[in-house]
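Participant: My questions all concern the structure below.
The numbers here are math on the coordinates, done by the rules we state, and not lab data. Predicted model only: the values in this text are computed from it and were never measured. Every residue, glycine as well, gets a Cβ built from its backbone with ideal geometry; the counts of neighbours run over all protein chains shown.
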Amino acid sequence: MAGIRITEELASKVIMSGDYYLKNHPGGISAVVRYWSGCFDGLQYYPIYKIGGKPVKAWWYITSYVRMALKMAFDRKVSIMHLHTAADGSFWRNADLVRLGRFFGKKIILHIHASRFKDFYNEASPENKEKITGTLKSVDRIIVLSQSWKEWFESIGIRKESLTILHNITPEPTYIPSAKVDDGKIHFLFLGEIGQRKGVFDIIRAIAQHKDEAEGKIELRIGGNRNEEKLISAIKENGLEETVIFEGWVSGEKKLRLLNWADVYILPSFNEGLPISILEAMSYGHPVISTPVGGIPEVVDGNGILVTPGNADEIWAAMSRYIDNPSAISQEGSISLRNVRPYLPDSVMEQLRQIYLDIMEVKR
């Protein structure tokens, strides 16, 4: 884990909430907190959302809400609420917590991970837009994932002084030489939720349309969960069993081996904040095929190819570039290693530590 940590003394002053993050719970917030949990000496975390039916969701929200209220009422050390939020229901749940924190006089950080926050805001009624901006303006600090997101929040009237960029963190790479395979193929890797938003079915479509060109030249491995049966069916229906391998959910050593095995990372999402999976792949020196959404263009700059979301022809053209020009993999991979440095643990944890110290010093 990171050399720079959030010490027990500082961690005791912060209560944090967001999505449940244990047992491979999917989602960007879960991934961030899962890693952060190893960088805090005493993380005080209250999960307000867990995938499940309405009773499950209600249970986690209500119990965490009550526990946070009691913590703030009786623990005088607590001075900061750090709330991780996405869009839609996640934002409205956190808006309630913002009001709770204000009641107890705490400093509040709203950490926005939402890949579709722009759509959430733009599609809202005038009344809800006012509520959204009202909540955003009432907190002490808003953390966003990239410069483009910071500029967007400024465009809807949020003061730039309240906005701070904190990069998503990516672990230091673990190299496993035995995971590399010299089989004459270009190895592509996708890691993420199985669904249309992440573009995995567009990759399948791109390969299927060029099956003869792909066979024997590439191998795509997919790691993720949700909609597994739909993905397996798509692979079989297109006769891609020899070219596309579904690994299921991957974590731990299996994930590390895949990151070592890969040559090129591919994630053609329709919307994103800034995916940790892209940063992880970059830390292993991989070029990236992705899309110009969220903060992705800020890290995929000279070290990959950006394609139009949903455009199978562009996806295949990008993949073909590495098939036809394999020397580009190492050339662009070296740029990935350079671009990812600000996202490595020590850099991010030092920034977070400074945010906490700064916000405690600011007087309302």
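Participant: What is the fewest-to-most order of 150, 77 by other Cβ atoms lying within 10 Å of their Cβ? Don't skip to the answer; put the middle values down first.
Facilitator: Details: 150 19, 77 12.
The most exposed by this proxy come first: 77, 150.
Participant: What order do you get for 166, 97 when you list them from fewest to most C-beta neighbours inside 10 Å? Could the numbers behind the result be given before it?
Facilitator: Numbers: 166 18, 97 23.
So the ranking, lowest neighbour count to highest, is 166, 97.
Participant: Would you list which lysines come within 24 Å of residue 131, measuring only between C-alpha atoms, while excluding same-chain residues fewer than 8 positions from it?
Facilitator: By straight Cα distance, residue 131 reaches 57, 106, 107, 118, 150, 160.
Participant: Would you mind calculating the gained length between residue 62 and residue 237 on full extension (0.36 nm times residue separation, minus the Cα-Cα distance), in nm to one decimal?
Facilitator: 58.6 nm
Participant: For the stretch 152-181 and the stretch 289-313, write down the distance between their C-alpha centroids in whole Å.
Facilitator: Here the answer is 16 Å between Cα centres.
Participant: Shifting gears a bit: Once you keep just the Cα pairs under 8 angstrom separated by 6 or more residues, what percentage relative contact order results for the chain?
Facilitator: Taking the mean separation of contacting Cα pairs over the length of the chain, I get 16 percent.
Participant: Within a Cβ distance under 11 Å of residue 294, other residues only, what is the Lys/Arg minus Asp/Glu net charge?
Facilitator: Charge balance near residue 294 sits at 0.
Participant: Enumerate the amide H contacts of residue 245 below 5 Å, restricted to partners 5 or more residues apart or on another chain; note that Pro and chain-start residues carry no placed amide H.
Facilitator: Those lying under 5 Å, H to H, from residue 245 are 220, 221, 222.
Participant: Next question. Over the stretch 90-142, what is the relative contact order in percent, taking alpha-carbon pairs closer than 8 angstrom and at least six residues apart? Walk me through the intermediate numbers first.
Facilitator: Values: 26 pairs, mean separation 24.8, N = 53.
Worked out over the stretch 90-142, it gives 47 percent.
Participant: Moving on to the next point. Could you order the peptides 27-38, 250-261 from most to least packed, using the average number of other C-beta atoms within 10 Å per residue?
Facilitator: Going from most to least packed, we get 27-38, 250-261.
Participant: Hey, fewest Cβ within 10 Å first, where do 40, 104 land in order?
Facilitator: 104, 40
Participant: Here's a follow-up. So how tilted is helix 126-138 from the main axis of the chain? Cα-based, degrees 0 to 90, rounded to 10.
Facilitator: Helix 126-138 sits at roughly 70 degrees to that axis.
Participant: Also: Could you give the size of the charge dipole of the chain about its Cα centre, using +1 on the Cβ of each K and R and -1 on the Cβ of each D and E, expressed in debye and rounded to the nearest 20? Intermediate results must be reported in sequence, preceding the final value.
Facilitator: On the way: 45 positive and 44 negative charges, 402 e Å.
Magnitude of the dipole: close to 1920 debye.
Participant: Would you kindly work out the equivalent ellipsoid of the chain from its C-alpha gyration tensor and give its semi-axes, the square roots of five times the eigenvalues, largest first in whole Å?
Facilitator: 38, 21, 19
Participant: Let me ask another. Subtract the Cα-Cα distance of residue 159 and residue 328 from 0.36 nm times their separation in residues, and report this length gain in nm to one decimal.
Facilitator: That works out to 56.6 nm of additional length.
Participant: Right, something else. Bin by bin, in steps of 10 Å, what percent of the Cα pairs in the stretch 177-341 do you find, going until the bin that has the longest distance?
Facilitator: 11, 44, 39, 6, 0
Participant: How far is helix 200-209 tilted, in degrees, relative to the longest principal axis of the Cα atoms in the chain, given as a value from 0 to 90 rounded to the nearest 10?
Facilitator: Taking the Cα atoms of the chain, the angle to 200-209 is about 10 degrees.
Participant: Follow-up question, since we're still on this one. Could you give the distance between the Cα centres of the stretch 92-142 and the stretch 240-274, to the whole Å?
Facilitator: Rounded to whole Å, the Cα centres lie 33 Å apart.
Participant: Related question: Using only helices, what value at 222 nm comes out for the chain when you add -39,500 (n - 2.57) per DSSP H run of length 4 or more and divide by the total residues, to the nearest 500 deg cm²/dmol?
Facilitator: So the helix-based figure for the chain works out to -13500 deg cm²/dmol.
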